1. Mind checking the full-extension length gain between F245 and W20? Use 0.36 nm per residue of separation minus the Cα-Cα distance, one decimal, nm.
2. At a temperature of 10 °C and a viscosity of 1.306 mPa s, determine how fast the stretch 4-52 diffuses translationally according to Stokes-Einstein, using the Kirkwood radius over alpha-carbon pairs as Rh; express D in µm²/s, rounded to the nearest whole number.
3. Angle between the Cα long axis of helix 237-256 and the longest principal axis of the chain, 0 to 90 degrees, nearest 10?
4. Taking just the alpha-carbon atoms of the stretch 316-381, what radius of gyration and Dmax come out, in angstrom?
5. Grab the DSSP H runs of the chain that are 4 residues or longer, score each as -39,500 (n - 2.57), total them, divide by all residues and round the 222 nm result to the nearest 500 deg cm²/dmol.
6. How much FRET efficiency would the formula 1/(1 + (r/R0)^6) give for L257 and A211, where r is the Cβ-Cβ distance and R0 is 22 Å, rounded to 0.05?
7. Taking only the alpha carbons of the stretch 80-227, what extent do you get along each of the three principal axes, in Å, biggest first?
8. Step by step: find N for the chain, compute 2.2 N^0.38 Å, then divide the Cα radius of gyration by it. What's the final number?
Amino acid sequence: MATADLPGPDSLLRRTLGEWRIGLVAWRLLVLQTADPAVAAGMANFSTYRAHPWRRIEHTMDSGKRLFFADREGLRREVARLERTHRRLAGTDDQGRQFTALDPAVRVWVLVTLYECMTAMRELSGRPLTPPELDQMYGEFRAVCSEFGLSDDLFPATAADVPAYMERTIRERLEYSEPVRYLLFDMLREAPAPRRLGHLKPAWPLVRTVAAHVIGALTIADLPAAFRERFDLPRTRRAALLSFFLHRGMRVLMNALPEHRRYRTPLAGNSSTSQSPSASTDRPSPPEASPVRLPAPRRRKGADGRPARLRTFFRQVLDQTGDGRISSTDMQAMAHNVCWPLELTPEREASVYAAFETWWQQLRAGMDADNDGQVTCEEFVTAMLTGIDAGPGYLEQGLHIALRAIFHAADSDGSGHLCADEYRTIFGGSRVHPAELNHGFRQLDQDGDGRITEAEFVQAFTDYFTARTDTTAGSQLLGRP
């Protein structure tokens, strides 16, 4: 397909994808995409969606914004970023089949389902797009997709051909795998509280139970008929009524809102020259004051605080997949999360992955007693304490290599220091309270100038792993364990 002009601020694609109500079909989109065997295998083997669902969803939304609301330079950077990430997602699924996230047919399916969900959103709301509008939006959509370099023959030729492509793929290729079942019935029931829930966090167990029921019922009701028929997912009358009122109610609400409230993403999009999230000024402001501290477990006076901190580090940082063990997959996920918010060159990104792989090989050599490629929490704690007590060289051979790679990746301007915003960008995970990050930053910023040098950065983590008490600077880097 020849290169065409990208959709602009007034394009039908941006106006449809940018509306808040697109969230009503978001879970439907995830289910359709995950039903592809290669996507399911990638999620089962590499994704952090079980342990960090909200961060995973934020990354997906962020990527969509970069793809469909950017200029051509920004779009090409995001396509290149996705290709570098997906190149690492390959292997063998639980049935012994080879898979790769770079399979052109899989990539086309993931893209076309996004377009199909936009049209479904309009149809479910009672105001479907007209044939000319479908042609217009499909042309805008294909203009973006052309940057992926995929064969035109893999895409439906026209908007009118999309329904047949969807039905054919559903009947011939999709599978009702464990990741699909988990998305439909268990993921929201097990999800940790979103970080932004604030004072409502104690109510999360009840909220997520209700949300899981509503979203699950809505998703099944909204899935294509061919999908429901093939995998025996009946559309109950109650679910159909829920879908009817939610979609039409949201359409009425969106139409009543002023334009600046209607869209979750500004229609003007992102400038290719905008700074990355970690970009800093010459003199950044220090973190805000009055941090809220999380309660610490009771310990005997004078007891060694390292085991509790190491277990916290294992759960909050290392165990990215949430299965109670760490492996090369978890380390790759950590490297991915470091690189994702930053505008790194391929070489700098590769150096981050290589550093984490070096750390993993050190951990595996000293902790994986049964050679199964995995390390449990207690194996990690026991081996780390043994290595730390043996001498400072233990951390230098693994942890420090990864830390220096993180520091240099975050230090985009090569200034030799990190400001508060850069620190938050790297370590502001979904399970870490922002105030605790502020507290950790202030502990390290000894002179109060709002900057952390590489030496301070490495020393902080050394203290976190080695300090026997919680009073040492850096021992509360991730909050009080």
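Readers should treat all values here as calculations from the given coordinates under stated rules, not as data from a laboratory. This is a predicted model, so every value here is computed, not measured. Heads up, the Cβs are rebuilt from the backbone with ideal geometry, glycines too, and the neighbour counts pull from every protein chain shown.
1. Working: separation 225, 0.36 × 225 = 81.00 nm, distance 1.63 nm.
So the chain would gain 79.4 nm between F245 and W20.
2. Approximately 120 µm²/s, per Stokes-Einstein.
3. Orientation of helix 237-256: about 90 degrees from the principal axis.
4. Answer for the stretch 316-381, Rg first and Dmax second: 12.5, 39 Å.
5. -17000 deg cm²/dmol
6. Numbers: r = 23 Å, r/R0 = 1.03.
So the FRET efficiency works out to roughly 0.45.
7. 51, 43, 30 Å, listed from the longest principal axis down.
8. Numbers: Rg = 23.8 Å, N = 481, 2.2 N^0.38 = 23.0 Å.
Computed over Cα atoms of the chain, the ratio equals 1.04.
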